[in-house]
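Here is the structure we will look at, set down as structure tokens.
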Amino acid sequence: MSGPRVNYRVDGERGPWVTLVTGIANDTTLWNAQVPALLPQFRVLRYDLRGQGGSESTAPPYSIDVLVSDLVRLWDQLSISKTHLIGLGLGGGIVQAAAAAHPNRLISVMPVCCRAKMVPEFAAMWHTLIEKVKKEGVESIVEQTAQRWFSDDFKAKNPAVLDEVRSMILRTSLDGYLGCVGAFLGMDVEEDLGKIRVPTHYLSGADDKVGGPPALMAGLAAKVPGARHASVPGAAHIANIQNPAGFNELVVRFLREHS
């Protein structure tokens with residue numbers, strides 16, 4: 001299986017694999033606060049989606065299936081036969097699709113702050129962003145994106161974190177942004193959730209109003225046999241950055257249960 005070059009990073013030398021999948025306009029730095037909590041019990045693979053961070057871009061359109069195939073190709077390249085799989089935002093859609101299509105490659109799945117199907121009211125926001133980016137570039141949506149991801153209180157108290165997030169968004173290529181948003185707009189894996197047969201734990205941000213609200217994610221968990229749902233307190237959409245300690249506690253507990 002061939003495809004564009006994928007930028008990735010591996011941390012750790014022993015233990016079960018944990019693969020971390022980003023969302024739109026993210027890169028491997030999204031998970032900086034998670035890696036120390038996962039080491040030394042796990043080996044951690046994090047990578048940039050097609051056209052984001054340091055990964056090579058291709059011309060749109062992209063699809064969820066294409067992004068899943070990039071992930072499977074990376075596992076094959078690194079000889080990873082089985083892994084835990086965690087993904088946030090669009091990454092949550094990718095991990096749900098991967099869990100339904102490739103259960104033999106997975107130990108467990110954690111979809112974070114995500115959906116399984118695009119709906120018209122949410123799509124409208126993304127269509128507006130696409131038009132803006134096509135006319136003015138990725139830099140034109142940096143501020144509204146960073147503002148949308150966190151609660152007002154967190155943004156006021158953590159200006160340095162917001163600066164790091166802005167820089168991360170700017171590392172997204174034009175094709176990568178348009179391609180990944182297009183894949184997100186076409187996402188429809190909800191009907192496949194009943195096929196997931198590996199241990200599954202949905203995580204939402206308690207204060208996430210749009211990306212993956214807790215009630216919506218509890219509903220997704222109800223569609224997966226044996227799955228459960230929990231909310232990270234004091235966190236909006238990018239829960240792993242807003243409350244890393246709370247996020248890490250839930251993640252490590254689940255991974256230990258199933259390793």
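Here are the numbers for the structure shown:
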{"read-out": "Selection status of THR19, of a type in the set (Ser, Thr, Tyr), assigned to a strand (DSSP E or B) and either within 16 Å of the chain's Cα centre (by Cα) or crowded, with 23+ Cβ neighbours inside 10 Å (or both)", "value": "yes"}
{"read-out": "Qualifying residue in region 39-48 (condition: at negative phi, assigned to a loop (DSSP other than H, G, I, E, B), open to solvent by 10 Å² or more (accessible area, probe 1.4 Å) and in contact with a helix residue (DSSP H, G or I) (Cβ under 7 Å, 6 or more places away or on another chain))", "value": "no"}
{"read-out": "Residue identified as surrounded by fewer than 21 Cβ atoms within 10 Å (Cβ to Cβ) and either farther than 20 Å from ILE238 by Cβ or among the β-branched types (Val, Ile, Thr) (or both) among ILE94, ILE107, ILE86", "value": "ILE107"}
{"read-out": "Test: residue in region 127-139 that is in contact (Cβ under 8 Å) with a residue 60 or more places away in the chain and open to solvent by 20 Å² or more (accessible area, probe 1.4 Å)", "value": "no"}
{"read-out": "Options PRO214, PRO225: the member that is open to solvent by 30 Å² or more (accessible area, probe 1.4 Å), touching a strand residue (DSSP E or B) at 6+ places or on another chain (Cβ under 7 Å) and more than 23 Å from TYR47 (Cα to Cα)", "value": "PRO214"}
{"read-out": "Pairs with Cβ under 6 Å, 6+ apart, first in region 11-37 and under 14 Å from MET110 (Cβ atoms), second small (Gly, Ala, Ser) and part of a loop (DSSP other than H, G, I, E, B)", "value": "PRO16/SER259; GLY23/GLY89"}
{"read-out": "Test result for ALA235, over 28 Å from ASP70 (Cα atoms), open to solvent by less than 20 Å² (accessible area, probe 1.4 Å) and not acidic (Asp, Glu)", "value": "yes"}
{"read-out": "Single unsatisfied condition, TYR62 versus (1) among the hydroxyl-bearing types (Ser, Thr, Tyr); (2) open to solvent by 30 Å² or more (accessible area, probe 1.4 Å); (3) outside any helix (DSSP H, G or I)", "value": "(2)"}
{"read-out": "Residue count, region 188-211 (criterion: assigned to a loop (DSSP other than H, G, I, E, B) and either among the hydrophobic types (A, V, I, L, M, F, W, C) or touching a strand residue (DSSP E or B) at 6+ places or on another chain (Cβ under 7 Å) (or both))", "value": "6"}
{"read-out": "Residue within region 142-151 that is at pLDDT 95 or above, over 28 Å from HIS201 (Cα atoms) and touching a helix residue (DSSP H, G or I) at 6+ places or on another chain (Cβ under 6 Å) present", "value": "yes"}
{"read-out": "Residue match in region 164-173 (condition: open to solvent by less than 30 Å² (accessible area, probe 1.4 Å) and among the hydroxyl-bearing types (Ser, Thr, Tyr))", "value": "yes"}
{"read-out": "Residue list for region 38-65, filter: touching a residue at least 40 places away in the same chain (Cβ under 8 Å) and aliphatic (A, V, I, L, M)", "value": "LEU38, LEU49, ALA59, ILE64"}
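The values are calculated or read from the model by the stated rules, or taken from the named source; none is laboratory data. Since the structure is predicted, the reported quantities are computational estimates derived from the model, not experimental observations. With ideal geometry, Cβ positions are generated from the backbone for all residues, glycine too; neighbour counts draw on all protein chains shown. Just so you know, the surface numbers come from the protein's heavy atoms only, side chains and all, with ligands and any DNA or RNA stripped out. Shrake-Rupley method; radii C 1.70, N 1.55, O 1.52, S 1.80 Å.
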